[in-house]
Amino acid sequence: QVQLVESGGGLVQPGGSLRLSCVASGSISRINTMGWYRQAPGQQRDMVALITSGGRTVYVDSVKGRFTVSRDNVKTTAYLQMNSLKPEDTAVYYCNADLLLRGSDSYRQYWGQGTQVTVSS
């Protein structure tokens, strides 16, 4: 059984900060890219930030300079530091990871259950 568990969401005022965490657990051999996606009500799920196993990062334009993605490979954890939050950042944030399971010869993508981020005064 493989799980991705997000935490750190909540209600924050505009201009505030939150730090999301995503812990991957289970029979994992290797983790390739980890990423954060978000989905607002009535909208599709969109990529926010990605980080490769080597530390290369990619961000959607709307969060550049405000959000920082990082990972701890020993702890199999990814983080999303979100600063200068705006109401338009309100969404459910999902963790995604490209995992190679023990005994498997191919990577598969897994999703967390999501954590709500609400930016409102």
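Quick notes on this one:
- Taking label points 7 Å from Cα along the Cα-to-Cβ direction, Asp61 and Gln116 give a separation of 3.1 nm.
- Listed residues Leu50, Leu85, Leu11, most fluctuating in the chain (Gaussian network, C-alpha, under 10 Å): Leu11
- If only the Cβ of Lys and Arg carry +1 and only the Cβ of Asp and Glu carry -1, the dipole of the chain around its Cα centre is close to 200 debye.
- In this label model, Gln1 and Ser25 are separated by 1.0 nm, measuring between points 7 Å along each Cα→Cβ vector.
- When the chain is treated as a GNM with alpha-carbon contacts under 10 Å, the residue of Leu100, Leu80, Leu20 showing the greatest mean-square fluctuation is Leu100.
- Gaussian network model of the chain, springs between alpha carbon atoms under 10 Å - residue of Asp105, Asp46, Asp89 with greatest fluctuation: Asp105
- With R₀ set to 35 Å, the beta-carbon distance separating Thr52 from Gln13 gives a calculated FRET efficiency near 0.60.
- Probe 1.4 Å, accessible area per residue of the chain, Å²: 54 Å²
The values are calculated or read from the model by the stated rules, or taken from the named source; none is laboratory data. Note that the structure is predicted; figures quoted are calculated from it, not measured. Positions of Cβ are backbone-derived with ideal geometry, glycine not excepted, and every protein chain shown enters the neighbour counts. Ligands, DNA and RNA are stripped out before the accessible areas are found, and what is left, the full protein with its side chains, is counted by its heavy atoms. Shrake-Rupley method; radii C 1.70, N 1.55, O 1.52, S 1.80 Å.
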